[in-house]
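A short worksheet on the structure shown next.
Bear in mind that the values in this text are calculations on the coordinates, not laboratory data. Please read these numbers as outputs of a predicted model, since none were measured by experiment. As a convention, Cβ positions derive from the backbone with ideal geometry for all residues, glycine included, and neighbour counts pool all protein chains shown.
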Amino acid sequence: MSAQAQRPGMEKYARLFTPLDLGFTTIKNRAIMGSMHTGLEEMPDGFERMAAYFAERAAGGVGMIITGGIAPNEEGGVVVKDQDGNPVFSASKLSTQREVAGHKLVTQAVHEADPDVKICMQILHMGPLAHNDELVAPTAIKSRISKYVPHELDAAGIEKQINDHANCAKLAQEAGYDGVEIIGSAGYLLSTFLVEKTNLRTDDYGGSYENRMRFPLEVVRRCRAAVGDDFIIVFRIAAMDMLQGGMSWDEITQLAKALEQAGTTIISTHFTWHESAVPTIATMVPRAAFTSVTARLRKEVSIPVITSNRINMPQVAEDVLARGDADLVSMARPMLADSQFMNKAANDAADEINTCIACNQACLDHTFSGKTTSCLVNPRACHETLLSYLPTNDSKSIAVIGAGPAGLAYATVAAERGHKVTLFDAASEIGGQFNLAKLVPGKEEFYETLRYYGKMIEKLNIDLRLNTRVDVDMLADSGFDRIIIATGISPRTPQIEGIDDEKVVGYIDALKGNKKIGKRVAIMGAGGIGFDVADYISHDGPSAALDIDLFAKEWGVDFKNHPRGGVTGVEPQVASADREIFLMQRKETAVGKGLGKTTGWTHRLTLSRRGVKMMNGIDYLKIDARGLHILRDNKPDLLEVDTIIVCAGQEPLRTLYDAAEAKGLPVDLVGGAYEAAELDAKAAIKQASEMAAII
């Protein structure tokens, strides 16, 4: 047994660290870093940045990496144009010999970091979701989430697409990849051939299911012929597509068996189309919610099967493998959050893992907004060449005032670099506003972030002083080389008549249960906090994020019988709130429009199903014994409510900073105290980390 095999975590998570023999090669453990498009693919220096990004994960101990999606041709991907309007594809396409060299930078970096780590390039033909004018599909049917109607492929076009996939696979092999993943799910090209409602063809590629399978099967056969036997081909199948009228279970198993015969090495199970009305990766989804579907499919084939979605800690992955749900576990965002995930697991240090909380705010929200992907809890992700936490040559004594997200990030990064850090907070626990977020049903993962920071404070020997209110005189006498003010925010109070009425409650008191909430409630403010409060007070009973059966019931998913798409004919069953709730905003825009791009719809739909009334374009006039007087559509109205919860934004809490600056102390401002904007933890952690990286 090697020294590495004796690491304590490898015994604790024995299945996770068991190699997988594929015959012609071996994957060193069962952990896959799944595919995530990062936006680096379209950047001028994208290859260099991807090389650093993936190499860090390879060194972190993962068994196999699957890249973000790379198009096999121009019509299948994202068109990036230069200043003259000419298309520039950079790393987002691989169809010519000229493009191989850039990809070699990535594969060489990964194999140099660890020769035993496999890296597969995902071949992603976006089909009707492609970001260009030449997009194609089996039928000219516009996706609900696309801007364009695709061009219907003719026979010659289909042959071209098949050949382009094979060419892309061959070029990937030449670039040094150990394999490719062909994506046949999510509403991209291959999956649209499989589903009847997006494939209305009457030729050999439409009609019967055997015909609809023909295109993806021929893609696999042609790719296998191009690359030979000793090359990994993963096929990502929509094992439950969450579409009304989607694929039946018999169709899925028929496809999986045919894929095996066509030369697929591994089947990877995916669980949705992008236009599905069921959340599958948001924080409200239970951990490992969909692995039972993979387990069922695994019994139908003899090749290895990958499962995925909301598997974010080593024990969760180990349990999935122990149940026999899968042969391999894909964890994409967890590797984004902590590149050393598997090394920490191997060392039995899971409490040091910076856990993915499935917030989507800096990863998928960025991806689908055309921004570079990163991570709320790890702003270095995808910025490895730009943001480094290098050891300092000039250790300083630093005081950090405030142990909320910004203060925690600054303190831990500065201490990691070798500075001596003292962290103060007036509260009895670390976390600041995270301690409110963790109370909201569906946001329980915030406990993990607080666990991580607590462990880092201990490991990095940060001097933590809770229950300590700091004043300027104390700082003036302290002798600290640098003082970081991370005191956060104070809730904004709207200046309207009656705001001091006893029925008015601040959102902090509402979430902490400090004040009684009545049966008829008006919420002033419909930003993220307003939605959290509405969720909290409209919810009764256990959190669906902690109960797979309850989640399935509330979102209309039938895991046991697996109707078409897993959802066809299944009505979501959501209990109405036991109180009447009005969620209001001054803005004329739709309520919730400013929420996260990939999760906002889930929050709006959840509250709508509970009967919460959402109102926009509201002017607040006054509060009196009868309730809240408003102006709506230029007409006065009265909401006869017994509770009014104020979620009207925040003000930076910077009194201490102003006093310290006036005294000439060496002081900096970070987080909400610097700029209060909807309790933006993403911006606060990023800013604090960047500042701590250069002090």
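Couplings for region 181-196, taken from phi via the Karplus curve 6.51 cos²θ - 1.76 cosθ + 1.60 with θ = phi - 60°, read 10, 9, 8, x, 9, 6, x, 7, 3, 4, 5, 6, 6, 7, 9, 4 Hz in order; Gly and Pro are left as x. Within the set LYS93/LYS118; LYS519/LYS622; LYS147/LYS553; LYS118/LYS686, which residue pairs have Cα atoms separated by over 23 Å? Violating the 23 Å Cα-Cα cut-off are LYS147/LYS553; LYS118/LYS686.
Put simply, the amide H of THR283, placed in the peptide plane, has no neighbours under 5 Å, leaving out anything fewer than 5 places away on its chain.
Between beta-carbons, use under 13 Å as the cut-off and find the net charge around ILE353, counting Lys and Arg +1, Asp and Glu -1.
Details: positive: ARG333, LYS344, ARG451, LYS455, LYS459; negative: ASP338, ASP348, ASP351, GLU352, GLU445, GLU448.
Computed value for this residue: -1.
Counting neighbouring beta carbons within 10 Å and listing from fewest to most, the residues PHE434, PHE531 come out as PHE434, PHE531. Where does the charge balance sit around LYS12 when Lys and Arg score +1, Asp and Glu -1, over other residues with C-beta under 13 Å from its C-beta? So the surrounding residues net to -2. Cross-link reach is defined here as a Cα-Cα straight distance under 17 Å, omitting same-chain residues fewer than 8 places apart; for LYS593 the lysines meeting it are LYS613. Computed over the alpha-carbon pairs of region 538-615, the distance histogram in 10 Å steps reads 17, 40, 32, 10, 1 percent, short to long. Relative to the longest principal axis of the Cα atoms of the chain, the long axis of helix 681-694 makes an angle of roughly 90 degrees. Among THR294, THR38, the ranking by other beta carbons within 10 Å of each residue's beta carbon, starting with the fewest, stands as THR38, THR294. Computed over region 4-367, the P(r) curve from all C-alpha pair distances, binned at 10 Å from the origin, holds 5, 26, 36, 25, 7, 1 percent per bin.
Per-residue Karplus couplings for region 96-102, computed as 6.51 cos²θ - 1.76 cosθ + 1.60 with θ equal to phi - 60°, are listed in order as 10, 4, 4, 7, 5, 4, x Hz, Gly and Pro entered as x. Would you mind checking the tilt of helix 405-416 against the longest principal axis of the Cα atoms of the chain, expressed as 0 to 90 degrees and rounded to 10? For helix 405-416, the angle is close to 70 degrees.
For LYS104, a cut-off of 13 angstrom between C-alpha atoms picks up these aspartates and glutamates, skipping any fewer than 8 places away in its own chain: GLU48, GLU112, GLU174, ASP178.
Show me the ranking of peptides 122-131, 165-174, 560-569, 493-502 by mean Cβ neighbours inside 10 Å, starting with the highest.
Details: 122-131: 25.2, 165-174: 22.6, 560-569: 18.3, 493-502: 12.5.
Sorting 122-131, 165-174, 560-569, 493-502 by mean packing, highest first, produces 122-131, 165-174, 560-569, 493-502.
Ordering SER374, SER248 by the number of other Cβ atoms within 10 Å of each residue's own Cβ, fewest first, gives SER248, SER374. Taking amide H as placed 1.01 Å from N in the peptide plane, the amide H of GLN122 sits under 5 Å from that of THR67, ILE70, GLU181, each at least 5 places away or on another chain. The magnitude of the dipole of the chain, with charges of +1 and -1 set on the Cβ of Lys/Arg and Asp/Glu and taken from the Cα centre, is near 840 debye. Quick check: the angle from helix 249-262's long axis to the longest principal axis of the chain, C-alpha only, nearest 10 degrees? Tilt of helix 249-262: around 50 degrees. Applied to region 65-72, the Karplus parametrisation 6.51 cos²θ - 1.76 cosθ + 1.60 on θ = phi - 60° returns per-residue 3J(HN,Hα) values of 10, 10, 6, x, x, 10, 6, x Hz, with x for Gly and Pro. Taking a straight line from the alpha carbon of LYS443, these aspartates and glutamates sit under 12 Å away, with near neighbours fewer than eight places off in the same chain left out: ASP532, ASP535.
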